[in-house]
Amino acid sequence: MSLFEAPSDSAADETVFERYTRQALAVATDLERELWVLVLLLTGADVALTVYGLQLGFQELNPVAVYMLEQAGVYGLGFLKAVVLAFAGVYWIVLPRRFGPLVPLGIAIPWFAAVSVNSLLILQTL
């Protein structure tokens with residue numbers, strides 16, 4: 001059986017991906033869902049504020065983000081964020097359930113700080 005075969009009526013016939021997805025969704029707490037929504041909102045806000053700040057003449061301080069911006073512009077920054085989210089999703093799936101909320105929280109805290117600092121800097125220039 002292939003990893004990408006169509007699902008059947010039997011749980012024994014489900015793929016590894018389908019099994020992990022089902023298990024992950026079954027154990028996700030409301031807190032985890034809210035934290036993941038917060039992460040997605042912060043991701044969008046961070047990208048938007050970064051782009052706006054660069055248009056105002058600010059400089060990106062993260063060397064990886066600078067490289068991605070130089071190589072592919074906003075798409076590079078979006079790709080960087082997507083890679084971080086993909087790794088976080090993998091960690092969230094493989095970590096013991098009791099640590100589940102720590103994954104989105106570990107992303108949300110620094111991105112909240114970045115969004116806050118960018119917002120304050122932009123507001124000071126207006």
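Only the coordinates and a few stated rules stand behind these numbers; no lab work does. On a predicted model such as this, the values are computed, not experimentally measured, just so you know. Heads up, the Cβs are rebuilt from the backbone with ideal geometry, glycines too, and the neighbour counts pull from every protein chain shown.
What to note about this one:
- Kirkwood radius, segment 83-126, all distinct C-alpha pairs, inverse of mean reciprocal distance: 11.9 Å.
- Fraction of alpha-carbon pairs over 20 Å apart in segment 30-94 - percent: 33 percent
- Projected label distance in nm at Leu120 and Val37, using a 7 Å step from Cα toward the beta-carbon: 2.8 nm
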